[in-house]
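The values are calculated or read from the model by the stated rules, or taken from the named source; none is laboratory data. The structure displayed is predicted, hence computed values, not measured ones. Virtual Cβ from ideal backbone geometry, glycine too; neighbours counted across all protein chains shown.
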Amino acid sequence: MKEIKKILVCGGTGCLSAKAAKIVENLRKSIKEHGLKEDVEVIQTGCFGFCEKGPIVKIIPENTFYIEVKPEDAERIIVEDIISEKRIVDLLYIDPRNGERVFEGENMEFYKKQLRMALKNCGTIDPESIEQYIAADGYAAFKKVLTTIKPENVIKIIKDSGLRGRGGGGYSTGLKWEFASKNISDQKYIVCNADEGDPGAFMDRSILEGDPHSIIEGMAIAGYSIGATKGLVYIRAEYPLAIDRLRKAIESARTEGILGENIFGTEFSFDIEIKYGAGAFVCGEETALIHSMEGERGEPTTKPPYPAESGYWGKPTIVNNVETLANIAQIILKGTEWFRSIGTKNSPGTKVFALAGKINNVGLVEVPMGTTLREVIFEIGGGIKNNKKFKAVQTGGPSGGCLTENDLDTPIDFDTLLAKGSMMGSGGMIVMDEDDCMVGVSKFYLEFTVDESCGKCAPCRIGNTRLWEILDRITKGEGKEEDIGLLRELSQTIKTTSLCGLGQTSPNPILSTLNQFMDEYLEHIHDRKCRAGQCQALRRYLVNDRCVGCTACARVCPVACIDGKVKERHVIDQSRCIKCGACHSACKFNAIDVA
């Protein structure tokens, strides 16, 4: 029997915005026109991860990997690759190390050190097809636990695996389930936290877009283990594609009898409902999330009681994030020893990171715990854009800290990152180069935290505002020597007295940059200078000797602070300059320096 060729097209949010849906349409049209409907199948999948080079098209079984594909390339792919069996060279990835074309994605540095577990189906199956999920061992774990494993033994498996929550805190998943199972109640709940709010983070969204059934299966197994019959997915409303695919997955699971009453002929019943969030970062904290689902303000409450004892509507509730749930079925099927063989002793398994910032290979990566920052940034990530010098990497989003060149050989796991003054967080990883101002970076993250604070407790509401005001003064050249001590003292106070994790971790970017980049803080305060040229108030625009006197700069200056005759070198009056940069942009001779 002739093997049917498959054309996989990335259908994640990023690639769809770059006309991936039109690529699918054109491929199917060309297949029909060439009479290949029985020989070739086009599948719109989830994210391949290599977002920097999307849209991506992969041909199976040859594994030919095409990047930056355009709708007009569809006809070429059918005629040249499928019919003539010739690879389209100009659509292949170029290895920057040797300039050679790479035919298969597996041979790219971006993928070589990755191990896709949570992302295993993303980019390989149609996320809207329950049949394809089942063909990839989907729901086999759920059926296995319902028919052969007692609930308490399911909890033991997850506990023994060492799986820790991938949402930020890294708490033992099995231990959390065990607490909930021991609390007797007429109703219990399983909540999937899909309220992904870190700047630059898109891990959970991509899993929901590319493999929504894995989350349904993980939630159902969790429900069986603690005796819950109801699941809720709390997802931010600005994830329309993830919501649409999740809704379709829930409906198809109901149709197939995988959700609903007496599943697989057993006495167990379980169903899932979607709850929408308005995009509040604080609702990533489980008690704030629960209050939001109940229709209240998304504000955290003190613990105990923990949600496992009293959560949604006062009932025992388990809150796990998307990535955590995506690992459950595989642990059930492959066992605890398999899971523990990956990663480190105290942080087994893999972690998904959204790699962004000044990095060549922006995208979604999944690596075994213990992989070093150097491997992620310089091998998988391809190094720093435009051959700039690496400066720092922020892990853990606004709650994390900046790590420097001295930390590049740090293995990535929960405990090591905490010891370095950062954290795993949900998996955001922002890379910075020599053009980034670390005082400005701290101010950026703190501004986000101030905006996202629920305002319930004074240390977070007032303290973080005061921190931002100090940083704002420093970036404007109005800082004082005593501001350094004040930043440290106030940061420590906020960490120890805030109500929830948002406030307790909000000073981390400040403390880590103070420890690693004190010279930049002092430079801003004493010299009124920003070496990266990012703090607008501290910039000085100076005309150099390349000036030909074309007057272009003077003509665009909004405050007329540039003087000079035609064909003579111009001069900028610093007392009147508003640092807008219009002159720098207008000059075609690189005659204006930014100091």
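Of everything in region 532-560 that is among the charged types (D, E, K, R) and at pLDDT below 90, the residue that is surrounded by the most Cβ atoms within 10 Å (Cβ to Cβ) is R539. Per this entry, G279 is not counted among residues that are free of Cβ contacts under 8 Å to residues at least 12 places away in the same chain, in the same structural domain as Y171 (by TED's automatic domain parsing) and part of a loop (DSSP other than H, G, I, E, B). Note on region 210-258: among residues that are among the small types (G, A, S), modelled with pLDDT of 95 or more and not in a helix (DSSP H, G or I), the one that is nearest to V352 (Cα to Cα) is G231. When each of G167, G123 is tested for being in contact (Cβ under 8 Å) with a residue 40 or more places away in the chain, closer than 23 Å to I243 by Cα and not assigned by TED's automatic domain parsing to the domain that holds P240, the lone residue that passes is G123. For region 197-209, taking the residues that are out of contact with any strand residue (DSSP E or B) (no Cβ under 7 Å at 6 or more places or on another chain) and charged (D, E, K, R), the one that is modelled with the highest pLDDT is identified as E209. Among the conditions (1) at pLDDT below 95; (2) out of contact with any helix residue (DSSP H, G or I) (no Cβ under 8 Å at 6 or more places or on another chain), the only one that Q132 does not satisfy is (1). Counting only residues that are outside any helix (DSSP H, G or I) and either modelled with pLDDT of 95 or more or in contact with an Asp or Glu (Cβ under 6 Å, 6 or more places away or on another chain) (or both), region 165-180 holds 2 of them.
On the stretch given as region 312-360, residues that are in a helix (DSSP H, G or I) and over 27 Å from A136 (Cα atoms) total 3.
Within region 207-241, the set of residues being surrounded by 23 or more Cβ atoms within 10 Å (Cβ to Cβ), more than 30 Å from E178 (Cβ to Cβ) and not charged (D, E, K, R) comprises G210, Y239.
I want to confirm something. Restricting to region 346-374 and keeping residues that are touching a residue at least 40 places away in the same chain (Cβ under 8 Å) and basic (K, R), which single residue is nearest to I67 (Cα to Cα)? If we take residues in region 346-374 being touching a residue at least 40 places away in the same chain (Cβ under 8 Å) and basic (K, R), then K358 is nearest to I67 (Cα to Cα).
Give I243, I250, I184, I190 a once-over and let me know the one that is free of Cβ contacts under 8 Å to residues at least 40 places away in the same chain and closer than 23 Å to S310 by Cα.
When all the criteria are applied, what remains is I184.
The set of residues in region 374-388 being closer than 11 Å to V431 by Cα and either of a type in the set (S, T, Y) or in contact with a strand residue (DSSP E or B) (Cβ under 7 Å, 6 or more places away or on another chain) (or both) consists of V376, I377, G381, I384, K385. When P316, P300 are checked against the criterion of being crowded, with 23+ Cβ neighbours inside 10 Å, in contact (Cβ under 8 Å) with a residue 60 or more places away in the chain, in contact with a Pro (Cβ under 8 Å, 6 or more places away or on another chain) and at negative phi, a single residue qualifies: P316. Any residue in region 438-459 that is in contact with a Phe, Trp or Tyr (Cβ under 7 Å, 6 or more places away or on another chain), β-branched (V, I, T) and without any contact (Cβ under 8 Å) to a residue 60 or more places away in the chain? There is at least one residue in region 438-459 that is in contact with a Phe, Trp or Tyr (Cβ under 7 Å, 6 or more places away or on another chain), β-branched (V, I, T) and without any contact (Cβ under 8 Å) to a residue 60 or more places away in the chain. Can you say whether A237 is touching a residue at least 12 places away in the same chain (Cβ under 8 Å), of a type in the set (G, A, S) and in contact with a Leu (Cβ under 9 Å, 6 or more places away or on another chain), as far as the supplied structure shows? No, not satisfied.
In region 71-164, which helices (runs of 4 or more DSSP H) lie fully inside it and hold 1 or more residues that are among the small types (G, A, S) and surrounded by 14 or more Cβ atoms within 10 Å (Cβ to Cβ)? Talk me through it step by step, then tell me what you get.
Details: elements: 109-112, 130-135, 140-148, 151-161.
Helices (runs of 4 or more DSSP H) meeting the threshold: 140-148, 151-161.
Residues that are touching a residue at least 24 places away in the same chain (Cβ under 8 Å) and acidic (D, E) were ranked within region 478-519; the one that is farthest from I462 (Cα to Cα) is E481.
Beta carbons closer than 8 Å, at least 6 apart along the sequence or on distinct chains, pair a first residue in region 14-35 that is touching a residue at least 12 places away in the same chain (Cβ under 8 Å) and within 13 Å of I78 (Cα to Cα) with a second that is charged (D, E, K, R) and not in a helix (DSSP H, G or I) for I23/K70; I31/K37.
This table checks each residue for (1) within 22 Å of the chain's Cα centre (by Cα); (2) more than 16 Å from V145 (Cα to Cα); (3) surrounded by 23 or more Cβ atoms within 10 Å (Cβ to Cβ).
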{"site": "E256", "(1), (2), (3)": "no, yes, no"}
{"site": "E261", "(1), (2), (3)": "no, yes, no"}
{"site": "F268", "(1), (2), (3)": "no, no, no"}
{"site": "D271", "(1), (2), (3)": "no, yes, no"}
{"site": "I274", "(1), (2), (3)": "yes, yes, no"}
{"site": "E286", "(1), (2), (3)": "yes, yes, yes"}
{"site": "S292", "(1), (2), (3)": "no, yes, no"}
{"site": "A308", "(1), (2), (3)": "no, yes, yes"}
